[in-house]
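S.K.: Before anything else, here's the structure in question.
The values are calculated or read from the model by the stated rules, or taken from the named source; none is laboratory data. If you're wondering where the values come from, they're calculated on a predicted model, not measured in any experiment. In this analysis, Cβ positions are derived from the backbone assuming ideal geometry, glycine residues included, and neighbour counts consider all displayed protein chains.
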Amino acid sequence: MKFKLDFKRIAVCFLAVLGMGFFLSFLMLCGLGTDPCSFMNKAISLRIGMLFGTWQLIINAVMLIIVVFWDRSSLGFGTVFNMVLVGYYVDFFDWLWGKIIPAHYFTDPLSRWLIFIGALLCFIVSAAVYINSDMGVAPYDALPKIITEKVAARFPKFPKMLIRMAWDFSAVAVGTLAGGKPVIGIILMAVFLGPVISLIGRLFFRRKAK
């Protein structure tokens, strides 16, 4: 478990989670796609009439129980920040933008795409900083990692990437069944998140660790 009192990393992790919620709220208002987990949880929360933050906390809590029994090494302050705060940040900023930003900015083609691209890039960077802070990950991200390690122990040649892809595609499928419409943002997230995570790690965190 990664509940270590490195206050600089805790602060970086907290701010990265705030950034994730902030920019995710724009992505959802643009309606051009988010990460698979948010897509699934948003679709379900709308279907059952529950706040996005509340549903995200519930499903993460269920996944957390499984992670605790299987492997606690992926848990830390970042786990708590992500599962508790991101969804409620989205709900808050969604309410705030509804008060101060005219709705047509999220529907007019030019402004909608500009906001979407800017928010997508910033969300990916925020997520990369969050993961590279090494303060634990959300239960949604911990579970495929655990499954990958267990599969690799028995089948060393099995492509590890396929497990994460299957996990994310499962989330997209559940979200689609709940009424969501998978669009381009999910594909862009899948393509760019991995390389940006690696780049952020090389440029900042690993350099500071030397």
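S.K.: What are the residues in the range 108-126 that are farther than 28 Å from residue 140 by Cβ and within 12 Å of the chain's Cα centre (by Cα), if any?
M.R.: Listed by number, the list is empty, since nothing qualifies.
S.K.: With the condition kept exactly as written, say whether any residue in the range 83-90 is surrounded by 19 or more Cβ atoms within 10 Å (Cβ to Cβ), within 22 Å of residue 53 (Cβ to Cβ) and in contact with a Cys (Cβ under 8 Å, 6 or more places away or on another chain).
M.R.: Checking the range 83-90: not a single residue is surrounded by 19 or more Cβ atoms within 10 Å (Cβ to Cβ), within 22 Å of residue 53 (Cβ to Cβ) and in contact with a Cys (Cβ under 8 Å, 6 or more places away or on another chain).
S.K.: I've got another one for you. Within the range 138-188, which residues are in a helix (DSSP H, G or I), of a type outside the set (Gly, Ala, Ser) and more than 23 Å from residue 128 (Cβ to Cβ)?
M.R.: The answer is 150, 151, 154, 174, 176, 177.
S.K.: Counting residues that are within 16 Å of the chain's Cα centre (by Cα) and over 18 Å from residue 182 (Cα atoms), which helices (runs of 4 or more DSSP H) fully inside the range 18-107 reach at least 3?
M.R.: It comes to 52-70, 77-100.
S.K.: Answer yes or no: is there a residue in the range 1-12 that is free of Cβ contacts under 8 Å to residues at least 12 places away in the same chain, in a helix (DSSP H, G or I) and either closer than 14 Å to residue 137 by Cβ or β-branched (Val, Ile, Thr) (or both).
M.R.: No, that holds for no residue.
So that you can scan it fast, the table gives a plain yes or no per residue for (1) free of Cβ contacts under 8 Å to residues at least 40 places away in the same chain; (2) under 21 Å from residue 93 (Cα atoms); (3) among the aromatic types (Phe, Trp, Tyr):
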site	(1), (2), (3)
40	no, yes, no
47	no, yes, no
55	yes, yes, yes
58	yes, yes, no
67	no, no, no
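S.K.: Might you let me know whether the range 93-103 holds any residue that is within 19 Å of residue 188 (Cα to Cα), in contact (Cβ under 8 Å) with a residue 40 or more places away in the chain, of a type outside the set (Asp, Glu) and surrounded by fewer than 20 Cβ atoms within 10 Å (Cβ to Cβ)?
M.R.: No, the range 93-103 contains no residue that is within 19 Å of residue 188 (Cα to Cα), in contact (Cβ under 8 Å) with a residue 40 or more places away in the chain, of a type outside the set (Asp, Glu) and surrounded by fewer than 20 Cβ atoms within 10 Å (Cβ to Cβ).
Residues checked against (1) modelled with pLDDT under 95; (2) in contact with a strand residue (DSSP E or B) (Cβ under 7 Å, 6 or more places away or on another chain); (3) over 22 Å from residue 134 (Cβ atoms):
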site	(1), (2), (3)
65	yes, no, yes
68	yes, no, no
78	yes, no, no
88	no, no, yes
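S.K.: Pick from the range 108-137 the residues that are in a helix (DSSP H, G or I) and hydroxyl-bearing (Ser, Thr, Tyr): which of them is farthest from residue 37 (Cα to Cα)?
M.R.: 111
S.K.: For the range 1-40, how many residues are more than 23 Å from residue 64 (Cβ to Cβ), among the small types (Gly, Ala, Ser) and at pLDDT 95 or above?
M.R.: 1
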